[in-house]
Amino acid sequence: MIAKNSVIGYRTGMQKKLNFVFFMPDSLRADVLACYGHPLVQTPNYDRLAREGTLFEQSICQYPVCGPSRCSMITGLYPHNTACRNNQYFIQASQGNLFTSLKQAGYHVEWHGKNDMFAPDVFPQAVSRCNQRPQVLEDRPSYDVHQAERIVPAGEPGGRSHLCNSLGTVEDFGDTHRVNSAISWLENRKQGAKPFALYLPLEMPHSPFTAPEPYYAMYDPDDLPPLRPYDLPNKPKRLALLRKYFELDQMPDDMLRKINAVYLGMVSYTDMLLGRLLDSLEAQGLMDSTVVVALSDHGEYAGDFGMVTKTAGSHEDLLNRVPFIWRGPGITAGHRVEAPVELFDLMATTLDLCKVPCTHPHFARVLTPQLKGAAGDPDRAVFCEGGLGAVNRHLCGPGTLEGGILEDPDNFYYPPYKCIFDHPEVDARTVSVQTLTHKLVHRPEDESELYDLRIDPQELCNRFNDPEMAAIQQKLMQRLTDWLIETSDITPDTVFPRQGPKKVWD
């Protein structure tokens, strides 16, 4: 048992370089972990990291969709810098990133799980070994959530809700194979090998909503705390449109509670895998030389506000507030940081901890003082972006990922893309700014939002254009403007001669 506010240190005489483990379930929102206050869910291993390390209460991702969020996380740049705004455009070899810096500094970068972050030409320079689909025994299946059968057929009420039946067993699931494969790699590392950075981007608890038993039925929907309501006054109409396309407005509310219950089971499944990983690190004697970070790329509605999955233009805390828990040598145990931070601070903080210089421009902050017990910056504003916007409508056309989905009405993701195609304002460019006390979501082409988080932490009452909030609204709009000016671009690394060639030939 580690006392609160103590510091985990090395064993006597050990001067090894730090190792890193980045444990990253997909679509894991912060408020569904017990250490973040959920009253029902069982997450003993996340809770252990929080007790033995530092937890950031308000960690905000930079875009509530997988690819763009990860591209920001790994570079320390905002989506308007990376130009990654959907799941088809990723970091290229010319763009600096955390893993390239670590590998160039002598780290072994080990990867087990999905991509949604790097273009193919980045892997050789940034990753030592990548195992996205680990081999399994010939007689052992490997399931992922998209293989689950809908609990109600498409076309019937609830058929597009992403709620599915239970699937497989714990040992048959892809994430189990990924974690077991990583553990096998840890067990077979040679003594005196390079320091490592182990990256585990899992699939769970990303929708569709399914899980192996006992996790699928672990939580009774009747025991859940109340879901956040839908059809609230002053909420943007975009949510009602999305609910209509998902046909969620046609299904009974108890199905929303079942969705939330299954999602919690998926979360507990990832917690079990984290426990396996921590047990392996302990067995290998690596816990006192390894920083373990639990985080996620974005959150998930999971029935709240009568919605499922996520959308790029939605910035509720359910979607952009993610877990951010650090445990390791020199990190204060039992410390909780209330000041807001951004997910992409991962890049700058990791490089600072291992004394590797960052050689590319970025906007991330170093959180090392907070990991050592400091309170952080209570005046910091954090930012999130979303939406393709009209200028990128071609990205939803024929031959694209989204275009293919639109040709398949049975696809799980047909409803939101069909909604966006029919109502482009649903995917309008969106930016949000959040402080400790307030949050502004600005949509130039659609309805905006403003919340007083001191009295409305669940973001139920939209106060945008409320005369009583005029001063706060103006102040936050000014912060958004200043931020966009200050981060509008970065200088390319390549320097070109001012003079062109003396002659040009066709």
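What follows is calculated from the coordinates using simple rules that are stated; it is not laboratory data. Source: prediction; values computed, not measured. In this analysis, Cβ positions are derived from the backbone assuming ideal geometry, glycine residues included, and neighbour counts consider all displayed protein chains.
For the stretch 19-387, the dipole from Cβ point charges (+1 on Lys and Arg, -1 on Asp and Glu) about the Cα centre works out to 1060 debye, to the nearest 20.
The distance between label points at Asp466 and Thr487 comes to 2.6 nm (points 7 Å beyond Cα on the Cα→Cβ vector). Taking Rh as the Kirkwood radius computed over C-alpha pairs, what is the Stokes-Einstein D of the stretch 116-243 at 20 °C in a medium of viscosity 1.002 mPa s, expressed in µm² per second? So the translational diffusion coefficient is about 116 µm²/s.
Dipole check for the stretch 429-487: with +1 at the C-beta of Lys and Arg, -1 at the C-beta of Asp and Glu, and the Cα centre as origin, the magnitude is about 180 Debye. Put a plus charge on the Cβ of each Lys and Arg, a minus charge on the Cβ of each Asp and Glu, and nothing anywhere else: the dipole of the stretch 119-260 about its Cα centre is then about 820 debye. With the convex hull constructed from alpha-carbon coordinates only, the stretch 183-238 shows a mean projected area of 8.5 nm² over all directions. Note on the stretch 30-150: along the principal axes its Cα atoms extend 46, 44, 35 Å, ordered by decreasing extent. The share of Cα pairs per 5 Å bin across the stretch 387-506, counted from zero up to the longest distance, runs 2, 9, 13, 13, 11, 11, 12, 11, 7, 5, 3, 2, 1, 0 percent. Arranged from fewest to most other beta-carbon atoms within 10 Å of their beta carbon, Tyr269, Tyr107 become Tyr107, Tyr269. Dimensions of the stretch 429-487 along the principal axes, based on C-alpha atoms and rounded to the nearest Å, stand at 31, 24, 21, largest first. The GluC sites (Glu not before Pro) of the stretch 41-147 that meet both conditions, a loop assignment by DSSP and at most 14 other Cβ atoms within 10 Å of the site Cβ, are Glu138. Take every pair of alpha-carbon atoms less than 8 Å apart whose residues are at least six positions apart; their mean separation over the length of the chain yields a relative contact order of 24 percent. Considering all C-alpha pairs of the chain, those separated by over 41 Å amount to 17%. Pairs of Lys residues in the stretch 149-282 that lie 8 or more places apart, or on two chains, and have C-alpha atoms under 30 angstrom apart add up to 4. Per-residue packing, averaged as other Cβ atoms within 10 Å, sorts the ranges 362-368, 321-327, 74-80, 334-340 into the order 321-327, 74-80, 362-368, 334-340, beginning with the highest. Among Glu213, Glu459, Glu187, a tally of other beta-carbon atoms within 10 Å of each Cβ gives an order, fewest to most, of Glu187, Glu213, Glu459. If you take all other residues with their beta carbon under 10 Å from the beta carbon of Leu33, and give Lys and Arg +1 and Asp and Glu -1, the sum is -2.
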